[in-house]
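The block underneath contains the structure these notes are about, expressed in structure tokens.
Since every read-out is calculated from the coordinates, none of them should be taken as a lab result. These numbers were taken from a predicted model, which means no experiment stands behind them. Ideal geometry is used to build each Cβ from the backbone, glycine not excepted, and the neighbour counts take in all protein chains shown.
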Amino acid sequence: MLAEIPVSIQVLLAPGVIVGWFAIIGLLSWLGGWSRLARVYRDEMSESTDGHTWRMQSVSLRGWCGYNNCVSIEATAKGLKISPWFIMRPGHPPLFLPFDEMTSSSRTMLGVGLEQVRMTQDPAISIDFRRTLVDSVREELGDVWPEDSAGQSDAETGA
């Protein structure tokens, strides 16, 4: 079958696939909000890696842009380091999300418990973490994860 394809097309196929991959991944970063978060929360490797790491985790941005089983999350005492697999790196630099800049709320989607996080410097982009991961972070580091902001507002209003 490959012999039937003209040589000129074969020569252009590999670079075309690579350029297409970069374009799709870059567009995903832009539409989902990863690149916008990276403007403020890019991990410049300023901290040494001294936390606990969970590999092959899933997160979603804006509720629809899913990164399923392709993200490593490292929890330190100060925040979360989030980095996608190497093949997903175009347009997706590692992020460092400080706990003190997070607001969190709980929700459920299709029976899966999620913690939705918004960062104070860019609250328009939500990041959904699975509740099982959040529970593991709490087990490893104590109660560093921000409290549920919806629960706090209910307590403040008396509702």
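Below are the figures for this structure:
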{"read-out": "Top of Phe129, Phe96, Phe86 by mean-square fluctuation, Gaussian network on the chain, Cα under 10 Å", "value": "Phe86"}
{"read-out": "Helix-only [θ]222 nm of the chain, DSSP H runs n ≥ 4, -39500 (n - 2.57) each, per residue, nearest 500", "value": "-11000 deg cm²/dmol"}
{"read-out": "Length-normalised contact order for segment 34-157 - Cα pairs under 8 Å, 6+ apart - percent", "value": "22 percent"}
{"read-out": "Residue-wise HN-Hα coupling along segment 121-130, computed from phi with Karplus coefficients 6.51, -1.76, 1.60 (Hz; x: Gly, Pro)", "value": "7, 8, x, 6, 9, 9, 10, 9, 10, 5"}
{"read-out": "Calculated log₁₀ intensity ratio I(q)/I(0) where the Debye formula runs over C-alpha points of segment 75-128, q = 0.17 Å⁻¹", "value": "-0.66"}
{"read-out": "Taking N as its residue count, the alpha carbon Rg of the chain over 2.2 N^0.38 Å", "value": "1.26"}
{"read-out": "For peptides 13-23, 102-112, 53-63, 70-80, sequence by mean Cβ density within 10 Å, most packed first", "value": "70-80, 53-63, 102-112, 13-23"}
{"read-out": "Extension gain, Asp100 back to Ala14 (0.36 nm per residue minus Cα-Cα distance, nm)", "value": "26.5 nm"}
{"read-out": "Share antiparallel - DSSP beta bridges, segment 34-157, percent rounded to 5", "value": "95 percent"}
